[in-house]
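Read the structure below first, then the notes.
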Amino acid sequence: MSALQIEQLRSYRDDIARRLQDVELRHENLVAAWHRLRQAYQGESAEAFHQQFQRASRRAEQQAQRLHLILPRLDAILEQLTAQSQSEG
């Protein structure tokens with residue numbers, strides 16, 4: 001694998017890390033909004049929001065879990081490819 005390809009893979013890894021941070025931040029904001037709404041409203045509207053919140057929260061957590069699994073794998077591949085490239089070059 002060329003140095004350019006390794007750099008492109010590293011850039012892809014960094015994009016995934018940024019996406020993970022974004023997902024985690026959005027989830028934090030969603031949780032904060034839920035707590036504010038819960039304090040202000042009661043009844044049917046709050047229950048409808050709670051159901052949507054639960055669904056969105058599960059999706060955010062699932063996405064974060066997947067991204068957390070991908071990053072270490074990409075790091076290991078990048079280390080291996082960098083070492084291989086340095087030994088060849």
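Here percent of Cα pairs over 16 Å apart was computed from the coordinates, and among (1) 54; (2) 63; (3) 60 the match is (2). Listed values for the range 24-33 are Karplus-derived 3J(HN,Hα) couplings in whole Hz (6.51 cos²θ - 1.76 cosθ + 1.60, θ = phi - 60°), namely 5, 5, 4, 5, 4, 5, 5, 4, 4, 5, and x replaces Gly and Pro.
Compute the long axis of helix 44-88 from its Cα atoms, compare it with the longest principal axis of the Cα atoms of the chain, and write down the angle in degrees, 0 to 90, nearest 10. The angle comes out at about 10 degrees. If the chain linking ALA48 and LEU30 were pulled fully straight, counting 0.36 nm for each residue of separation and taking away their Cα-Cα distance, it would gain 5.0 nm.
Solvent-accessible area per residue in the chain equals 76 Å², computed with a 1.4 angstrom probe and all protein chains kept.
Ligands, DNA and RNA left out, the accessible area of the chain computed with a 1.4 Å probe is 49% carbon and sulfur. With the charge dipole of the chain set up from +1 on Lys and Arg Cβ and -1 on Asp and Glu Cβ about the Cα centre, the Cα lying farthest toward the positive end among the listed residues GLN42, ALA3, ILE16 is that of GLN42. Here the dipole of the chain is about 340 debye; that uses its Cα centre as origin and unit charges on the Cβ of Lys and Arg (positive) and Asp and Glu (negative). Applying 1/(1 + (r/R0)^6) with R0 = 41 Å to the Cβ-Cβ distance of LEU37 and GLN8 gives a FRET efficiency near 0.45.
The values are calculated or read from the model by the stated rules, or taken from the named source; none is laboratory data. Quick caveat: nothing in here was measured; it's all calculated off a predicted structure. As a convention, Cβ positions derive from the backbone with ideal geometry for all residues, glycine included, and neighbour counts pool all protein chains shown. Please note that ligands, DNA and RNA were not included when accessible areas were found on the heavy atoms of the full protein model with its side chains. Shrake-Rupley method; radii C 1.70, N 1.55, O 1.52, S 1.80 Å.
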